[in-house]
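Asker: One structure is given below, represented as structure tokens, and several questions about it will come after.
The values are calculated or read from the model by the stated rules, or taken from the named source; none is laboratory data. Bear in mind that the values here come from a model prediction, so they are computed numbers and not experimental data. Using ideal geometry, Cβ is built from the backbone for each residue, glycine included, and neighbour counts are taken over all protein chains shown. SASA here: full protein model, heavy atoms, side chains in, ligands and nucleic acids out. Shrake-Rupley method; radii C 1.70, N 1.55, O 1.52, S 1.80 Å.
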Amino acid sequence: MLKNALPEIITKQLPGPKAAAIIARRGEAIPGAIKCVYPLVIEKGAGAMVEDVDGNHFVDWVGGVGVLNIGYSHPEIVAAVKAQTEQYFHGMFNIVTHEGYVALAETMNAMVPVRGAKKKTFFANSGAEADENAVKIAKAYTGRPNIIVFSGAFHGRTMLTMTMTSKKAYAHGLGPFPDGIYRAQFPYLYRNPAGMKSEDAIAYYTDSILKVFEEASPAEHVAAIVVEPLQGEGGFIPAPLEWIQAVRKICDDHGILLMADEVQTGFCRTGKMFASQYWQEVGVEPDIITTAKSIAAGLPLSAITARTEIMEAVKGGTIGGTYCGNPVACAAALKVIEIMQRDRLDERAREIGTIAMDRFNSWQERYAVIGDVRGLGAMIGIEFVKDRTTKAPDPELVAAIVNEAVQKGLIIESAGVYGNVIRFLAPLVITDEQLAAGLDIFEKAIIKCV
Ligand code: PLP
């Protein structure tokens, strides 16, 4: 059974012959800007495993970039989706109410840790759409025009979210961009300014928000501060709890909403259903949370949750869309949440995270190219450098390791502003044997490539 298989490459080379033919057709038919460096054409997926069209088996540590926390083709989700498709695919929620949307909103309201006793949720199709909608409701509620985002942030590829995203490679030549977006420094503690004592770091990064108030947008014009609890594309960097406490205080002092972008961190990835539950433990609740990716096991769905008072400040007609809250995606999401709670995938994320982190930490002691290892639960980043003293990023080495690993049956991906971080995002249904096999391939790839 593929679900329990181990990585195995049976073709002489990758891509194998059938995959090579499809990849060549891809090159002819589809813009190269939709990049892909992997020699991989999927035939089927099960759990944490992918079988390609030539019969090769890969263990997948990317999981559709954080979409497959529940794994590929979970049989109970397949059944829920099939049952829904036999009833109807679509109704458009402005025309036909469907119960799945209502039930999923109720479920989200009961569990998403935003501030407030009474909450409401509405749905969109992608992470970027969720973030864009969250900004809209923050502006509607506060009556203010501006938002603050961070260095290293990734919020999507729509016009607004591309502007919110820090890395300008994602926006090259596409301006002019929307106004009213200001950037402060994210606490990337591994790369604190030279000479800074670690005890001064939190104050330094907090001050960088206050500087935005002085130099760019007065606080009373700021609707929201948008934070990823653990930056994803920016390099798998957890937001320190002390810092988020300071950010919450700044928001409270100035009537600004705190928005958590949990598009990548949500749905058990970090060892809790939502990463902002770690914030809750130190007294911090965001006002708005956006989720997407693993919410519906691969069907396009995203959610925006906030207290009723915020949601009801939004004028009719300004939010929504044709496919938002699609019934098939809602059916999948309800089943995802049921399984995650029943099978305690939050605990499993912590277990997987501990096994992987122990191994990564031991590598850091042995291989000088590993500058930093960090993460929460099963969301871990390993940062590669040319020199531990200068911390010069080594994206070329990372690209070589990613390439070598896939040749041996492990799918891993780079991340980070400098492209020098390898991310660990394995599906949370991965078996211990598959995890161990992936770790072995990864370590051999490091040894071969350094
Ligand atoms: N926000 C975060 C934190 C993300 O990681 C991503 C995607 O990687 C997005 C937003 C954008 O999501 P999507 O690609 O579904 O638009």
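Asker: Determine how large the accessible area of Asp200 is when every protein chain is in place; take a 1.4 Å probe and give Å² rounded to the nearest 10.
Answerer: Here the accessible area works out near 70 Å².
Asker: In whole Å, what is the distance between the alpha-carbon centres of the range 385-450 and the range 316-334?
Answerer: 36 Å
Asker: Sum up the charges of everything whose Cβ sits under 12 Å from the Cβ of Leu174, counting Lys and Arg as +1 and Asp and Glu as -1, but leave Leu174 out.
Answerer: +2
Asker: Could you order peptides 19-25, 395-401 by the average number of other Cβ atoms within 10 Å of their residues, highest first?
Answerer: 395-401, 19-25
Asker: In addition: If you plug each phi of the range 223-232 into the Karplus form 6.51 cos²θ - 1.76 cosθ + 1.60 with θ = phi - 60°, what whole-Hz ³J(HN,Hα) values come out, in order, with x for Gly and Pro?
Answerer: Here the 3J(HN,Hα) series is 7, 8, 10, 10, 10, 8, x, 9, 4, x Hz.
Asker: Applying 1/(1 + (r/R0)^6) with R0 = 22 Å to the Cβ-Cβ distance of Gln280 and Thr308, what FRET efficiency is obtained, to the nearest 0.05?
Answerer: 0.70
Asker: How long is the gain from Met159 to Asn4 if the chain were fully straight, where each residue apart is worth 0.36 nm and the alpha carbon distance is subtracted?
Answerer: 51.6 nm
Asker: Show me the ranking of peptides 153-164, 4-15 by mean Cβ neighbours inside 10 Å, starting with the highest.
Answerer: Averaged packing, sorted descending, gives the order 153-164, 4-15.
Asker: Moving to a separate point now. For the range 79-342, what relative contact order do you get, as a whole percent, if you take Cα pairs closer than 8 Å and at least 6 residues apart?
Answerer: Relative contact order comes out at 31 percent.
Asker: So what are the ³J(HN,Hα) numbers for the range 419-426, from phi and the Karplus equation (6.51, -1.76, 1.60; θ = phi - 60°), rounded to whole Hz, Gly and Pro as x?
Answerer: Couplings: x, 10, 10, 9, 9, 10, 9, 4 Hz.
Asker: Still on this structure: Using 0.36 nm per residue, how much length does the chain from Lys448 to Lys12 gain when fully extended, once their Cα-Cα distance is taken away?
Answerer: 155.0 nm
Asker: Still on this structure: Report the Cα centroid-to-centroid distance between the range 148-194 and the range 286-305 in angstrom, as an integer.
Answerer: Their Cα centres are 21 Å away from one another.
Asker: Pull up the DSSP beta bridges for the chain and report the antiparallel fraction as a percent, rounded to 5.
Answerer: Expressed as a percentage, antiparallel bridges in the chain total about 65.
Asker: In a GNM of the chain with a 10 Å cut-off on Cα contacts, which of Glu365, Glu106, Glu199 has the highest mean-square fluctuation?
Answerer: Top of the fluctuation ranking is Glu199.
Asker: To continue, here is another question. From Cα pairs below 8 angstrom and at least 6 apart in sequence, can you work out the relative contact order of the range 345-450, rounded to a whole percent?
Answerer: 25 percent
Asker: Amide H neighbours of Asp372 under 5 Å, at least 5 residues apart or on other chains, H built in the peptide plane: list them.
Answerer: Glu383
Asker: For the chain, calculate the relative contact order in percent as a whole number, restricting contacts to Cα pairs under 8 Å that are 6 or more residues apart.
Answerer: 23 percent
Asker: Now, a different point. Which peptide among 269-278, 312-321 comes first, and what is the full order, when sorted by highest mean count of other Cβ atoms within 10 Å?
Answerer: 269-278, 312-321
Asker: So what J values fall out for the range 267-281 if you push phi through Karplus, 6.51 cos²θ - 1.76 cosθ + 1.60 with θ = phi - 60°, rounded to Hz, Gly and Pro as x?
Answerer: Along the range 267-281, the couplings run 6, 6, 3, 8, x, 9, 3, 10, 5, 6, 5, 5, 5, 4, 5 Hz.
Asker: Along Cα→Cβ, 7 Å out, is where each label goes; now give me the distance between the ones at Glu242 and Lys82 in nm to one decimal.
Answerer: 5.4 nm
Asker: Right, something else. Which entries of Lys167/Lys211; Lys167/Lys444; Lys82/Lys293; Lys167/Lys293 show an alpha-carbon separation above 23 angstrom in the structure shown?
Answerer: Checking Cα-Cα distances, Lys167/Lys444 exceed 23 Å.
Asker: In whole Å, what is the distance between the alpha-carbon centres of the range 349-370 and the range 87-114?
Answerer: That distance is 40 Å.
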